[in-house]
Amino acid sequence: QGYMKEFGTHMMAWAPLAEGRNNFFTNPVLEAIGKKYGKSVAQVALRWLIQRDVIIIPKSVHVERMQQNIDIFDFDLSQDDMAAIAGLDTKQSLFFDHHAPEVVKMFMGWK
Ligand SMILES: NC(=O)c1ccc[n+]([C@@H]2O[C@H](COP(=O)([O-])OP(=O)(O)OC[C@H]3O[C@@H](n4cnc5c(N)ncnc54)[C@H](OP(=O)(O)O)[C@@H]3O)[C@@H](O)[C@H]2O)c1
């Protein structure tokens, strides 16, 4: 992200709600933080990305969730909460390992 900023470009979340994987919407850390602010897990996650200057395009087929997902501009996560969420990082992509030769070949259309 630091390098991207240097060139005036921005990072965008691949899936800002992690596609709901790994019981995302019942994650206890996100739930506890959400309770403090009166916000849902989805709202906490999206706010975390916004505060990190990451572009988000959350997807939902439900109108009430779409409304919820845009209602994230009336609160600020504290530095402690930001750090607690960062602590959830497993250092492993939920999707692809972009350094794996097989994945690179697939994305390059070489197989
Ligand atoms: N992930 C990828 O591989 C990929 C690749 C290229 C582009 N994109 C684009 O990135 C955007 C987002 O990615 P994504 O759709 O893969 O994943 P995402 O936005 O991280 O997650 C979408 C999932 O979260 C659920 N959801 C959304 N808001 C919710 C809320 N407030 N409470 C509870 N559940 C909620 C949706 O269910 P409901 O719809 O049932 O509400 C859906 O199952 C999309 O526009 C997509 O086209 C994704």
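The values are calculated or read from the model by the stated rules, or taken from the named source; none is laboratory data. It should be emphasised that the depicted structure is a prediction, and the values quoted were computed from it without experimental measurement. Cβ placement follows ideal geometry from the backbone for every residue including glycine, while neighbour counts extend to all protein chains displayed. Accessible surface areas use protein heavy atoms only, side chains included; no ligands, DNA or RNA. Shrake-Rupley method; radii C 1.70, N 1.55, O 1.52, S 1.80 Å.
Which order do the peptides 85-92, 15-22, 27-34 take when ranked by the mean count of other beta-carbon atoms within 10 Å per residue, highest first? Write out the running numbers ahead of the final one.
Values: 85-92: 9.5, 15-22: 14.5, 27-34: 16.6.
Packing order, densest peptide first, comes out as 27-34, 15-22, 85-92.
Could you do me a favour and compute the accessible area per residue for the chain, 1.4 Å probe, result in Å²?
Accessible surface, normalised per residue, equals 72 Å².
Which of 5/36; 36/59; 5/39 have a Cα-Cα distance over 27 Å?
Values: 5/36 32 Å; 36/59 25 Å; 5/39 30 Å.
Check vs 27 Å cut-off fails for 5/36; 5/39.
Please report, to two decimal places, log10 I(q)/I(0) for the chain at q = 0.18, 0.22 Å⁻¹ as given by the Debye formula with identical point scatterers on the Cα atoms and no solvent.
-1.01, -1.32
Return the carbon/sulfur percentage of the accessible area of the stretch 2-107, one whole number, probe 1.4 Å, all protein chains in place.
On the way: 4240 of 7410 Å².
Using a 1.4 Å probe with all protein chains present, the stretch 2-107 comes out at 57 percent carbon and sulfur.
Sketch the reach of a paramagnetic label on residue 102 as a point 7 Å from Cα along Cα-to-Cβ, and name the residues of the stretch 19-43 whose backbone nitrogen lies under 19 Å away.
Answer for the stretch 19-43: none.
In the stretch 63-111, with Lys and Arg counted as +1 and Asp and Glu as -1 at Cβ, which of these residues, 93, 83, 106, has the Cα nearest the positive end of the dipole, that is, farthest along it?
Final value for the positive-end residue is 106.
Considering Cα pairs under 8 angstrom that are at least six residues apart, work out the relative contact order of the chain and quote it in whole percent. Numbers along the way, then the final one.
Details: 80 pairs, mean separation 26.4, N = 111.
Averaging sequence separation for qualifying contacts and normalising by length gives 24 percent for the chain.
Starting from the Cα-Cα distance between residue 93 and residue 66, subtract it from 0.36 nm times their residue separation and give me the gain in nm to one decimal.
7.2 nm
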